[in-house]
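Colleague: Take this structure first; my questions come after.
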Amino acid sequence: MQPARLLFEDVSVGGVLPPLIKRPTTAQLFRFSAVTWNAHRIHYDKPYALLEGYPDVLVQSHLHGSFLAQAVMDWAGPDARLMNLRWQNRAIATPGDVLTCTGVVVKVELREGLGFVECQLEERNQQNTLCAAGWARVRMPRRDDKATQGAA
Amino acid sequence: MNVSLSIICERIKRELGKSRRLPVGTIRRREFERFAIAADDHNRLFFDDAFARSHGYKSAFAPPLYLSSVMGWEAGPPQESLRADGTPSNDATALAIEGLRLMGGGQELEFHRPVADETDVVMEFSVTNVEFKQGRSGELLVIEVQKKYLDGEGRPLVTCRENFIAR
């Protein structure tokens with residue numbers, strides 16, 4: 001069971017992040033396109049998406065990335081700092097898919113007294129198809145921190 | 001190589017290394033909160049100033065992918081200037097890929113500072129690479145752009161390298 005406040009000292013290589021499950025809907029895709037000023041019709045216009053050969057409207061690239069970022073930040077907690085994130089889209093996802101974001105710790109590193117953790121990330125659909133692959137680097141709070149690590 | 005892909009590849013190559021500095025404007029809290037809601041991300045750091053302060057921040061701030069996910073910061077082009085696929089053909093960051101289908105391939109992001117309400121932001125945009133590839137479903141171009149977001153004092157906020165696939 002994950003501690004209430006995850007510390008660098010609690011994390012080791014091979015540790016896993018709690019799975020984050022997302023079920024995108026057409027309404028979600030529409031709202032995400034609206035707030036990102038993304039007028040690309042493949043995300044909200046099903047007849048057009050079919051014309052391009054897709055089975056339905058598509059989850060946006062940036063929404064896949066947002067899900068992975070969310071999985072990391074939810075796991076690391078509010079005292080951690082997300083330093084880097086990268087992801088690649090590998091397969092399409094459409095409304096009705098069940099997307100599960102998972103992660104595993106691949107590196108822990110102390111540098112100048114600060115604790116950094118790297119995670120490999122995946123987002124897979126209900127058929128276990130890899131939709132997005134990613135990596136994140138997080139600075140974690142340490143047990144002997146006197147206060148939260150203000151980076152703001 | 002497909003003729004149109006070849007022409008477009010050469011056209012994009014001519015843009016390599018040319019950096020454009022574009023105003024993003026002033027970041028507004030409601031906008032980044034809407035982004036968080038649309039992404040189904042209810043992290044209190046994005047909504048609750050007191051909570052954010054209790055964890056070392058000055059205030060609530062934008063979700064990390066907010067800046068690099070927004071496709072345009074101006075009022076936007078009129079409808080008649082959109083391409084058939086809905087994407088703009090003439091805004092400052094539009095790629096010259098007329099006739100091709102475009103899809104986001106992913107991003108590589110470095111987060112330098114939190115992006116809070118009322119932060120003034122500018123973006124430095126450049127096309128950094130274009131490569132012709134033979135994909136599983138045919139020929140395609142992989143186009144890499146870089147977007148550096150800076151605050152009003154020139155301090156980096158987010159650096160983003162993004163890939164697009166055009167076919």
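Colleague: Restricting attention to the stretch B:39-55, which residues are farther than 9 Å from A:Q70 by Cβ, in a loop (DSSP other than H, G, I, E, B) and at the interface with chain A (Cβ under 8 Å from one of its Cβ atoms)?
Modeller: Those that are farther than 9 Å from A:Q70 by Cβ, in a loop (DSSP other than H, G, I, E, B) and at the interface with chain A (Cβ under 8 Å from one of its Cβ atoms): B:S54, B:H55.
Colleague: When the residues of the stretch B:56-103 are narrowed to those that are of a type outside the set (D, E, K, R) and assigned to a helix (DSSP H, G or I), which ends up modelled with the lowest pLDDT?
Modeller: First, pick out the residues of the stretch B:56-103 that are of a type outside the set (D, E, K, R): B:56-57, B:59-73, B:75-79, B:81-82, B:84, B:86-90, B:92-97, B:99-100, B:102-103.
Still in the running and assigned to a helix (DSSP H, G or I): B:66-69, B:79, B:81.
Details: B:Y66: 98, B:L67: 98, B:S68: 97, B:S69: 96, B:Q79: 91, B:S81: 87.
The extreme case among them is B:S81.
Colleague: Which one of these does B:R101 not meet: (1) free of Cβ contacts under 8 Å to residues at least 40 places away in the same chain; (2) open to solvent by 20 Å² or more (accessible area, probe 1.4 Å); (3) facing chain A (nearest Cβ under 9 Å)?
Modeller: Of everything listed in (1) free of Cβ contacts under 8 Å to residues at least 40 places away in the same chain; (2) open to solvent by 20 Å² or more (accessible area, probe 1.4 Å); (3) facing chain A (nearest Cβ under 9 Å), B:R101 misses just condition (1).
Colleague: Taking B:L157 as meeting all but one of (1) over 20 Å from A:A69 (Cα atoms); (2) away from every other protein chain (no Cβ under 11 Å); (3) touching a residue at least 12 places away in the same chain (Cβ under 8 Å); (4) not in a loop (DSSP other than H, G, I, E, B), write down the number of the exception.
Modeller: Looking at each condition in turn, B:L157 falls short on (1).
Colleague: Taking the condition closer than 20 Å to A:N89 by Cβ and in contact with a Phe, Trp or Tyr (Cβ under 7 Å, 6 or more places away or on another chain), does A:E109 pass? Break it down into steps so the answer makes sense when it comes.
Modeller: Details: closer than 20 Å to A:N89 by Cβ: no; in contact with a Phe, Trp or Tyr (Cβ under 7 Å, 6 or more places away or on another chain): yes.
No.
Colleague: Another one. Cβ contacts < 9 Å: first residue over 21 Å from B:E131 (Cα atoms), restricted to the stretch B:1-27; second residue assigned to a helix (DSSP H, G or I) and at pLDDT 85 or above, any location; separation 6+ or different chain. Result?
Modeller: Between residues of the stretch B:1-27 that are over 21 Å from B:E131 (Cα atoms) and residues that are assigned to a helix (DSSP H, G or I) and at pLDDT 85 or above, the close pairs are B:V24/B:L67; B:I27/B:Y66; B:I27/B:L67.
Colleague: Right, something else. Anything in the stretch A:35-57 that is within 8 Å of chain B (Cβ to nearest Cβ) and either under 21 Å from B:I37 (Cβ atoms) or among the hydroxyl-bearing types (S, T, Y) (or both)? List them, or say none.
Modeller: From the stretch A:35-57, those within 8 Å of chain B (Cβ to nearest Cβ) are A:35-42, A:45, A:48, A:52; that's our starting set.
Of everything in the stretch A:35-57, those that are within 8 Å of chain B (Cβ to nearest Cβ) and either under 21 Å from B:I37 (Cβ atoms) or among the hydroxyl-bearing types (S, T, Y) (or both) turn out to be A:V35, A:T36, A:W37, A:N38, A:A39, A:H40, A:Y48.
Colleague: Pull out all pairs, ordered by first then second residue, where Cβ-Cβ is under 8 Å, the residues are six or more apart or on different chains, the first lies in the stretch B:76-89 and is of a type in the set (D, E), and the second is open to solvent by 40 Å² or more (accessible area, probe 1.4 Å) and assigned to a loop (DSSP other than H, G, I, E, B).
Modeller: B:D85/B:R101
Colleague: So which residues in the stretch A:67-84 are in contact with a Phe, Trp or Tyr (Cβ under 8 Å, 6 or more places away or on another chain) and at the interface with chain B (Cβ under 7 Å from one of its Cβ atoms)?
Modeller: If the condition is that a residue be in contact with a Phe, Trp or Tyr (Cβ under 8 Å, 6 or more places away or on another chain) and at the interface with chain B (Cβ under 7 Å from one of its Cβ atoms), then A:P78, A:L82, A:M83, A:N84 are the ones that fit.
Colleague: Would you confirm, using the coordinates I've provided, whether B:Q107 is in contact with a Leu (Cβ under 9 Å, 6 or more places away or on another chain), under 24 Å from A:A93 (Cα atoms) and crowded, with 19+ Cβ neighbours inside 10 Å? If you could, list the steps in order and put the result at the bottom.
Modeller: Numbers: in contact with a Leu (Cβ under 9 Å, 6 or more places away or on another chain): yes; under 24 Å from A:A93 (Cα atoms): yes; crowded, with 19+ Cβ neighbours inside 10 Å: yes.
The answer is yes for B:Q107.
Colleague: Got at least one residue in the stretch B:123-139 being more than 25 Å from A:A133 (Cβ to Cβ), open to solvent by 10 Å² or more (accessible area, probe 1.4 Å) and assigned to a loop (DSSP other than H, G, I, E, B)?
Modeller: For the stretch B:123-139, residues more than 25 Å from A:A133 (Cβ to Cβ), open to solvent by 10 Å² or more (accessible area, probe 1.4 Å) and assigned to a loop (DSSP other than H, G, I, E, B): absent.
Colleague: For residues in the stretch A:85-98 being open to solvent by 20 Å² or more (accessible area, probe 1.4 Å) and either at the interface with chain B (Cβ under 8 Å from one of its Cβ atoms) or not in a loop (DSSP other than H, G, I, E, B) (or both), which is nearest to B:V115 (Cα to Cα)?
Modeller: A:R86
Colleague: So in the stretch A:18-34, with the set limited to residues that are surrounded by 21 or more Cβ atoms within 10 Å (Cβ to Cβ) and in a helix (DSSP H, G or I), which one is nearest to the other protein chains (Cβ to nearest Cβ)?
Modeller: A:F32
The values are calculated or read from the model by the stated rules, or taken from the named source; none is laboratory data. As the structure is a computational prediction, the values presented were derived from the model and not from experiment. All Cβ positions, glycine included, derive from the backbone under ideal geometry; neighbour counts span all protein chains shown. Keep in mind that these areas ignore ligands, DNA and RNA; they rest on the heavy atoms of the full protein, side chains included. Shrake-Rupley method; radii C 1.70, N 1.55, O 1.52, S 1.80 Å.
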